[in-house]
Amino acid sequence: MSKRKVKETHQTVGECISEVQTILRKRFCHQSLPEKPMGIESQHKHLLELLRRTAVHGESNSVLIVGPRGSGKTMLLEFVLRELLEVKDVNKNVLQVHLNGLLQTDDRIALKEITRQLSLENVVGDKVFGSFAENLAFLLEALKKGDRSSSRPVLFILDEFDLFAHHKNQTLLYNLLDVSQSAQAPVAVIGLTCRLDVLELLEKRVKSRFSHRQIHLLSSLTFRQYLDNVILQLSLPPDFPDAKFFEEWNDSIKSLCEDKSVVDVIEKHYNSSKDIRSLHLLLMLVLSQVSVSKPSIKPSDLLEASRVCVADSKANILHGLSVLELCLIIAMNHLNDIYDGEPFNFQMVHNEFKKFLQRKSHSIYNFDKPVVMKAFEHLQQLELIKSVEGSTAKIHKEYQLMKVMLDHNQIMEALQKYPQCPTDVKQWAMSAFG
């Protein structure tokens, strides 16, 4: 009997790394839905039941999904729609209309988009309607089936729901919710928003037509679950072509996530944001360090990626300032300490700078007042300083009240990294910040 040889595929390191980059980049950039919802089972069950009643039984509903950015509102909705559309009759029958408050900035644009998504442009043609309500009613009437009097169920999904509340008279919201309440046609209105106070934005007539159903999503991930998710995101799937590389890579990821410095970095990210998208950005920067010469992820890669992710944009602006502009910022912080955060004006800053020049005139050039004023205005353009509300009217620019938008740590960090910064300036800053 001849033994069947099990053929193992061995790829070169270069091929393996290329495959790793392809798999992980696809995972981080094209976020696919996981197999089952994690930590949002009760919300998933509630929303599925609501939309099933609309899609199957023709019952109208309205609901708001509320939660901070990155908490999984869109993911929850996509889960429910995927499950709902697996039912044969629903898939053929249900229509979806997706609107976004950032794109459909007024009701006219929103109505055009509804017409386009329902493929009713040819039905509407050149008809002129007296009101928004008439137009919407005509659209819904056009969806009535020929064989029986029932309409096709329509799911209206309003992303950035709170922005629709700023439309004139809230006509779109009023008419959609009116249709859903009056049972003219089977309609479900699903709003997604980050604002907890969204109902306060609605007019009384709109609020009275809303069902007041709200599904709240608050990230309940523990740090252990978050860390496990990091391991899962960086691990290779079992069907990876090279079994030996697959084992080595996954083992290295597990040992990486046991390193104390790595755990500290991940915990810092967890405390600032539990958003999976920001985690993907961090892991993408880590992945970009992997190459043939460095075929695994080291703790130093994660530390560097974290430093890039949390880079302070204002501190970076400070690195490009002139010595004069730095001196003015130090003078402003000095005044902040003396007057306990009270606003200051150019004249006060200039006087403080003059005092420094009198003490250390040999190291800093004695700039004329117009030059100092120009530097002060440049800081204002960069938004490192900002005028206090109501202080700009009919006041000479030298006496307009300002406040500085930086803290001590940002300035000290910038001074440490500033190339060839005069020692006197550093000493002045240290004395100013105690």
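The values are calculated or read from the model by the stated rules, or taken from the named source; none is laboratory data. A quick note: this is a predicted structure, and the numbers were derived from the prediction, not measured. Using ideal geometry, Cβ is built from the backbone for each residue, glycine included, and neighbour counts are taken over all protein chains shown. Please note that ligands, DNA and RNA were not included when accessible areas were found on the heavy atoms of the full protein model with its side chains. Shrake-Rupley method; radii C 1.70, N 1.55, O 1.52, S 1.80 Å.
Observations on the structure shown:
- Criterion applied to LEU234, LEU281, LEU285 was being under 13 Å from GLN21 (Cα atoms), open to solvent by 50 Å² or more (accessible area, probe 1.4 Å) and within 25 Å of the chain's Cα centre (by Cα), and the one residue passing it is LEU285.
- Region 352-375 - residue that is under 25 Å from ILE395 (Cα atoms) and touching a helix residue (DSSP H, G or I) at 6+ places or on another chain (Cβ under 8 Å) and, of those, surrounded by the most Cβ atoms within 10 Å (Cβ to Cβ): PHE353
- Residue selected from region 331-351 under the condition surrounded by fewer than 19 Cβ atoms within 10 Å (Cβ to Cβ) and more than 33 Å from the chain's Cα centre (by Cα), by the criterion farthest from LYS403 (Cα to Cα): ASN351
- Filter result (at pLDDT below 85 and open to solvent by 50 Å² or more (accessible area, probe 1.4 Å)) within region 248-275: ASN271, SER272, LYS274
- Selection within region 353-377 - at pLDDT below 85 and not in a helix (DSSP H, G or I): LYS360, SER361, HIS362, SER363, ILE364, TYR365, ASN366, PHE367
- Scanning region 304-336 for residues that are assigned to a helix (DSSP H, G or I) and either closer than 22 Å to TYR365 by Cβ or without any contact (Cβ under 8 Å) to a residue 40 or more places away in the chain (or both) yields a count of 20.
- Boolean, ASN229 is within 24 Å of SER300 (Cβ to Cβ) and either assigned to a loop (DSSP other than H, G, I, E, B) or without any contact (Cβ under 8 Å) to a residue 24 or more places away in the chain (or both): no
- Qualifying residues in region 378-400 (those that are hydroxyl-bearing (Ser, Thr, Tyr) and modelled with pLDDT under 80) - the one surrounded by the most Cβ atoms within 10 Å (Cβ to Cβ): SER391
- Just one of the numbered conditions (1) part of a loop (DSSP other than H, G, I, E, B); (2) open to solvent by 60 Å² or more (accessible area, probe 1.4 Å); (3) modelled with pLDDT of 85 or more is not true of SER211: (2).
- Some residue of region 184-202 being closer than 22 Å to GLY39 by Cα, among the aliphatic types (A, V, I, L, M), surrounded by 13 or more Cβ atoms within 10 Å (Cβ to Cβ) and touching a helix residue (DSSP H, G or I) at 6+ places or on another chain (Cβ under 8 Å): yes
- Among the conditions (1) in a loop (DSSP other than H, G, I, E, B); (2) closer than 21 Å to GLU49 by Cβ; (3) touching a residue at least 12 places away in the same chain (Cβ under 8 Å), the only one that GLU86 does not satisfy is (3).
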